[in-house]
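> Below you'll find the structure I mean.
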């Protein structure tokens, strides 16, 4: 039995409900010309067992990497284990002791939910359902999720969308960093996923583009943007914004030259003084923040160094050196989540830089440490 049609005649919520009530087994395909995207959901007697969208390719490796659950060393370890019949990467990671079966299934469930909730927000497009056997599931953690529970949570999320619409009217808005006063910036405390979004702001990418770049759901990015707007960290615009004037940067340059020389000569106090002179002329100077943070690091004032680097991230999220330094400074104050996110962004922005090997080694070591701490907490 084929079921197909435009979403304007039968909403995606109703399609899911129909497949659930009739206990269908097969593949649902949903396409959207507006998004230039396509989603596929597999059903087994009415329950969802797999979901993916073309814009966010799904694999066990990708899911676990994004969740910070595996490193390159973990994957190499799993690859060295002999494959048993019907076994996939997830099974080998469990056998290698890298991750528990419970955590593997939890991460895959979250990934499926994220895709389904995104599809439930599509109001235009075309759907088609083909009844067929689904024995060969693309992922190797045999999980089954109640469609009814997915629809209930989806309805809650749609209601939440209506509440954030006053600040986030659409996914086509472009986020820009708002001006943050020094006394307020020093106490800015963001979560790792908020830093991830903040670091993707480049004055031209809209929220939909940020979601695609990070491999996150559009709903999740919209919620994060709502929080950043509500706290005054970010402003949203329709279209690109003009670049700032270069006059202030020219005035700050002599002090920056002196700060660079002092850092190279091992004079952190002098470097800090000149970096602050430069910042007084140009508060948006990323290099000024970076030099000030490096001086503070050498003066063992790590908390202040982290603050300077976070302000530098707000000013210029696409400068790799800021993320590299922020990672090491964050580790020193015990903020492992921020360090992990910062090094990942450094590797994404500068995969061929001279410091890449150092950053990758630091990231893998930190990932193993976080796994050990998590296992100790669970035990």
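The values are calculated or read from the model by the stated rules, or taken from the named source; none is laboratory data. None of the values given here were measured: they were computed from a predicted structure. Reconstructed Cβ throughout: ideal geometry from the backbone, glycine too, with neighbour counts over all protein chains shown.
> Those residues that are out of contact with any helix residue (DSSP H, G or I) (no Cβ under 7 Å at 6 or more places or on another chain) and either at pLDDT below 85 or assigned to a loop (DSSP other than H, G, I, E, B) (or both), I need them from segment 115-125; list them, please. Show your work before the answer.
Filtering segment 115-125 down to residues out of contact with any helix residue (DSSP H, G or I) (no Cβ under 7 Å at 6 or more places or on another chain) leaves 115, 123-125.
Listed by number, the residues that qualify are 123, 124, 125.
> Between 124, 130, which is surrounded by fewer than 14 Cβ atoms within 10 Å (Cβ to Cβ), touching a strand residue (DSSP E or B) at 6+ places or on another chain (Cβ under 7 Å) and within 29 Å of residue 221 (Cα to Cα)? Lay out the reasoning, then the answer.
Details: 130 fails: within 29 Å of residue 221 (Cα to Cα).
Every option except 124 fails the conditions.
> Show me the helices (runs of 4 or more DSSP H) entirely contained within segment 270-379 in which 2 or more residues are surrounded by 24 or more Cβ atoms within 10 Å (Cβ to Cβ) and under 23 Å from the mean Cα position of the chain (by Cα). So that I can check it myself, show each step before the final result.
Numbers: elements: 286-298, 302-315, 320-332, 336-349, 356-378.
By residue number, 302-315, 320-332, 336-349.
> Can you work out which of the residues in segment 61-73 that are in contact with a helix residue (DSSP H, G or I) (Cβ under 7 Å, 6 or more places away or on another chain) and crowded, with 18+ Cβ neighbours inside 10 Å is modelled with the lowest pLDDT? Outline the logic, then answer.
As a first pass, look at segment 61-73 and keep what is in contact with a helix residue (DSSP H, G or I) (Cβ under 7 Å, 6 or more places away or on another chain): 61, 63-64, 67-73.
Subset that is crowded, with 18+ Cβ neighbours inside 10 Å: 63-64, 68-71.
Values: 63: 80, 64: 82, 68: 73, 69: 81, 70: 84, 71: 83.
Taking the candidates together, the pick is 68.
> Additional query: Might you check whether a residue that is outside the structural domain of residue 192 (by TED's automatic domain parsing) and on the phi > 0 side of the Ramachandran plot occurs anywhere in segment 340-359? Spell out the reasoning first.
Narrowing segment 340-359 to residues outside the structural domain of residue 192 (by TED's automatic domain parsing): 340-359.
Those left that are additionally on the phi > 0 side of the Ramachandran plot: none.
Within segment 340-359, none of the residues are outside the structural domain of residue 192 (by TED's automatic domain parsing) and on the phi > 0 side of the Ramachandran plot.
> Considering only segment 137-149, I want to know if a residue exists there that is closer than 30 Å to residue 327 by Cβ, buried (at least 16 other Cβ atoms within 10 Å of the Cβ) and modelled with pLDDT of 80 or more.
Step one: list which residues in segment 137-149 are closer than 30 Å to residue 327 by Cβ, which gives none.
No, segment 137-149 has no match at all.
> Identify, from the list 83, 41, 94, the residue that is in a helix (DSSP H, G or I) and more than 24 Å from residue 341 (Cβ to Cβ).
Working: 83 fails: in a helix (DSSP H, G or I); 41 fails: in a helix (DSSP H, G or I).
The match here is 94.
> Just give me the residues in segment 39-58 being out of contact with any strand residue (DSSP E or B) (no Cβ under 8 Å at 6 or more places or on another chain) and either closer than 18 Å to residue 151 by Cβ or without any contact (Cβ under 8 Å) to a residue 40 or more places away in the chain (or both), in sequence order. Spell out how you get there, then give the answer.
Of the residues in segment 39-58, the ones out of contact with any strand residue (DSSP E or B) (no Cβ under 8 Å at 6 or more places or on another chain) are 44-46, 56-57.
44, 45, 46, 57 - these are the residues of segment 39-58 that are out of contact with any strand residue (DSSP E or B) (no Cβ under 8 Å at 6 or more places or on another chain) and either closer than 18 Å to residue 151 by Cβ or without any contact (Cβ under 8 Å) to a residue 40 or more places away in the chain (or both).
So that you can scan it fast, the table gives a plain yes or no per residue for (1) modelled with pLDDT under 80; (2) touching a strand residue (DSSP E or B) at 6+ places or on another chain (Cβ under 9 Å); (3) farther than 20 Å from residue 330 by Cβ:
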| site | (1), (2), (3) |
| --- | --- |
| 169 | no, yes, yes |
| 191 | yes, no, no |
| 198 | no, yes, no |
| 206 | no, yes, yes |
| 218 | yes, no, yes |
| 228 | no, yes, no |
| 232 | no, no, yes |
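> Which members of segment 240-269 meet the condition of being at pLDDT 80 or above and surrounded by 13 or more Cβ atoms within 10 Å (Cβ to Cβ)? Write out each step before concluding.
Within segment 240-269, the subset at pLDDT 80 or above is 253-269.
Within segment 240-269, 253, 254, 255, 256, 258, 259, 260, 261, 262, 263, 267, 268 qualify.
> For segment 192-206, what are the residues that are more than 9 Å from the chain's Cα centre (by Cα), part of a helix (DSSP H, G or I) and either more than 13 Å from residue 227 (Cα to Cα) or not assigned by TED's automatic domain parsing to the domain that holds residue 233 (or both)?
If the condition is that a residue be more than 9 Å from the chain's Cα centre (by Cα), part of a helix (DSSP H, G or I) and either more than 13 Å from residue 227 (Cα to Cα) or not assigned by TED's automatic domain parsing to the domain that holds residue 233 (or both), then 199 is the only one that fits.
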